[in-house]
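Visitor: Dropping a structure here in structure tokens format, bear with me for questions.
Read-outs: derived from the displayed coordinates by stated rules, not from any lab. Worth saying up front: this structure is predicted, and the values here are computed from it rather than measured.
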Amino acid sequence: MARKKKNIVIENLTIEAVAAEGKSLARQDGQVIFIEKTVPGDVVDVQIRKKRKAYSEGYPLKFHKYSDLRIDPICEHFGVCGGCKWQNLAYDSQLAFKQQQVEDHLTRIGKVELPELSPIIGSAKTERYRNKLEFTFSNKKWLTKEQIDSEEVIERNALGFHVPRLFDKIVDIETCHLMADPANAIKNEIRSFALANDYSFFDIREQHGLLRILMIRYTDAGELMVLVQFFEEEQERIDLLMNHIKDKFPEITSLLYVINQKKNDTIYDQDIITFSGKDHIIEKMGDLQFKIGPKSFYQTNSQQAKILYDKTIAFADFKGDELVYDLYTGTGTIANYCAGQVKKVVGIEYVEEAIQDAFVNAEVNGITNTDFFAGDMKDLLNDAFISEHGQPDVIITDPPRAGMHENVVNMILKVAPKKVVYVSCNPATQARDISLMDEQYSVTKVQPVDMFPHTHHVECVILLELRG
Ligand SMILES: C[S@@+](CC[C@H](N)C(=O)[O-])C[C@H]1O[C@@H](n2cnc3c(N)ncnc32)[C@H](O)[C@@H]1O
């Protein structure tokens with residue numbers, strides 16, 4: 001180990017395994033080191049960025065050997081852009097690492113008895129699988145070292161994705177492989193128009209500029225939503241751009257904009273203006289249709305979402321007369337999707353607009369046996385709620401990454417349905433929660449599902465059955 005003042009470099013370290021959050025892991029003298037931008041099998045010199053008692057974190061300074069697991073990434077922006085960090089790993093290896101991650105978390109954090117895990121279900125599409133993308137406009141384009149060193153005058157406006165950890169730097173994206181065409185054509189046309197007509201791109205530090213965020217949503221049903229978020233209120237310029245988009249891309253079925261003058265770019269509390277077409281798009285799942293507004297949550301990989309929900313329903317193994325609670329229901333997708341197989345579904349979610357969409361989605365599909373309630377789960381799911389709406393036979397729960405609040409876990413234990421189907425996008429918090437339920441529930445089925453190829457994210461469905 002070479003050591004400078006507070007500057008630790010570890011040489012010739014062999015990367016052993018993948019770890020959480022897309023990092024990899026190596027060990028030296030029993031110490032665990034988490035290292036970004038590496039894959040198992042790489043041999044590297046590591047610059048330590050953070051040193052703790054139990055572990056360190058670092059990044060590679062020099063590669064002595066590249067792992068045999070590496071492949072050439074297809075994206076020209078790989079390595080700088082924050083998305084698709086695993087594009088340099090063959091898809092089979094990605095799946096194997098995700099499976100391993102689920103198993104590790106359940107074993108180390110969950111510490112519960114496990115059945116044999118079902119093999120992870122990979123995504124049929126590994127490119128162009130997302131139905132939603134958000135590109136950021138910025139006057140602080142990320143520049144390569146060559147660009148900084150060159151004498152050329154370089155355009156500093158950019159439309160693309162954030163550089164990890166740098167909140168004001170944007171990688172100007174030419175082609176993103178995450179969404180089907182015409183997503184790239186729309187993005188590139190808007191950027192060209194904006195540059196040609198001297199539109200200002202947002203300055204996040206100084207809080208000025210006209211153009212802020214571009215959101216594109218594209219459904220398998222063929223509907224296309226484009227939402228341009230502006231910061232400044234320059235109506236003439238806004239109309240000019242919106243008309244240009246409308247003329248160039250007649251296939252857009254919902255063309256929207258919003259003028260958001262808040263510090264942050266969330267639009268949940270903003271008025272969205274329909275410039276042309278409808279104020280929503282429709283996605284299909286099985287025999288059902290779902291109405292998706294600009295503020296609605298919808299799983300971003302539509303095809304895998306269907307597989308995930310089918311697994312959830314298969315694990316629940318409904319007989320037809322069940323009362324089901326769908327916790328963290330979002331826009332009621334799971335609730336409405338399984339309504340045809342049970343007596344009634346009660347969905348709970350804290351975003352009011354999502355609950356409104358859930359009702360609309362029930363109505364659009366002629367579903368009459370679902371009911372939805374808005375509120376914070378830990379407060380709403382209480383004894384009074386259960387006595388009013390009935391004792392559930394099955395609880396489906398699909399919490400956010402943080403997992404379930406302890407009060408919610410305790411309430412499930414108190415209600416004690418025969419089955420709990422736990423869908424999670426974070427196996428670490430899922431493992432923590434099921435360990436809290438271990439005395440009362442045994443884990444009988446585990447099914448990892450990959451919704452996000454080229455990222456470290458993994459979804460997992462677990463069936464918990466009440467112990468006899
Ligand atoms: C992973 S999403 C699941 C959505 C839905 N099941 C689906 O598949 O479309 C988690 C949902 O939990 C909601 N949520 C997060 N925290 C919550 C809380 N404390 N109480 C109620 N809902 C919450 C979020 O708004 C989000 O819609």
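Visitor: Kindly provide the Kirkwood hydrodynamic radius of segment 56-106 in Å, to one decimal, from all pairs of distinct alpha carbon atoms. It would help to have the intermediate numbers written out before the result.
Guide: Values: mean 1/r = 0.0775 Å⁻¹.
Averaging 1/r across every pair of different Cα atoms and inverting gives 12.9 Å.
Visitor: Give the lysines reachable from Lys319 as a straight Cα distance under 18 Å; neighbours fewer than 8 places away on the same chain don't count.
Guide: Lys311, Lys343, Lys344, Lys418, Lys419
Visitor: Of all the Cα-Cα pairs you can form in segment 194-273, what percent are over 18 Å apart?
Guide: Numbers: 1343 of 3160 pairs.
For segment 194-273, the share of Cα pairs beyond 18 Å comes to 42 percent.
Visitor: Shifting gears a bit: Counting each DSSP H run of 4 or more residues in the chain as -39500 (n - 2.57), what helix-only mean residue ellipticity at 222 nm follows after dividing by all residues, to the nearest 500 deg cm²/dmol?
Guide: Values: 11 runs with 113 residues, N = 468.
When only DSSP H runs of four or more count, the value is -7000 deg cm²/dmol.
Visitor: From Cα pairs below 8 angstrom and at least 6 apart in sequence, can you work out the relative contact order of the chain, rounded to a whole percent?
Guide: Relative contact order comes out at 13 percent.
Visitor: Mind checking the alpha-carbon convex hull of segment 320-359 and giving the volume per residue in Å³?
Guide: Values: hull volume 1.9 nm³, N = 40.
Cα convex hull per residue, to the nearest whole number: 47 Å³.
Visitor: To continue, here is another question. Determine by what factor the alpha-carbon radius of gyration of segment 282-384 differs from 2.2 N^0.38 Å, reporting the quotient.
Guide: On the way: Rg = 12.9 Å, N = 103, 2.2 N^0.38 = 12.8 Å.
Against the empirical 2.2 N^0.38 Å value, I get 1.01 for segment 282-384.
Visitor: In the structure shown, do any of Lys141/Lys248; Lys125/Lys284; Lys246/Lys306 have a Cα-Cα gap over 24 Å, and if so which?
Guide: On the way: Lys141/Lys248 26 Å; Lys125/Lys284 17 Å; Lys246/Lys306 32 Å.
Checking Cα-Cα distances, Lys141/Lys248; Lys246/Lys306 exceed 24 Å.
Visitor: Report relative contact order for segment 133-251 in percent, whole number only (criteria: Cα-Cα under 8 Å, sequence separation at least 6). If you can, show how the numbers build up before the last one.
Guide: Values: 176 pairs, mean separation 28.7, N = 119.
Relative CO of segment 133-251 lands at 24 percent.
Visitor: Quick one: which residues, 5 or more positions from Val449 or on another chain, have an amide H under 5 Å from its amide H? H modelled 1.01 Å from N in the peptide plane, none for Pro or chain starts.
Guide: Residues meeting the criterion, in which the H sits 1.01 Å from N, are Ile121, Glu459, Cys460, Val461.
Visitor: Two decimals is fine: what is log10 I(q)/I(0) at q = 0.08, 0.14, 0.18 Å⁻¹ for segment 170-329, from a Debye sum with one equal scatterer on every Cα and no solvent?
Guide: Listed by q, the Debye log ratios stand at -0.30, -0.79, -1.16.
Visitor: Related question: Where the Cα atoms of segment 104-217 are projected onto their three principal axes, how long is each span, largest first, in whole Å?
Guide: 62, 30, 29 Å, listed from the longest principal axis down.
Visitor: Using only the Cα atoms, what convex hull volume per residue in Å³ does segment 1-117 have?
Guide: Numbers: hull volume 14.8 nm³, N = 117.
About 126 Å³ per residue, rounded to a whole number.
Visitor: Right, here's the next one. Take every Cα-Cα pair in the chain and report what % of them are more than 29 Å apart.
Guide: Values: 60895 of 109278 pairs.
For the chain, the share of Cα pairs beyond 29 Å comes to 56 percent.
Visitor: Follow-up question, since we're still on this one. If the reach is capped at under 30 angstrom between alpha carbons, list the lysines near Lys6, excluding any in the same chain fewer than eight residues apart.
Guide: The qualifying lysines are Lys23, Lys37, Lys50, Lys51, Lys53, Lys62, Lys65, Lys85, Lys145, Lys169.
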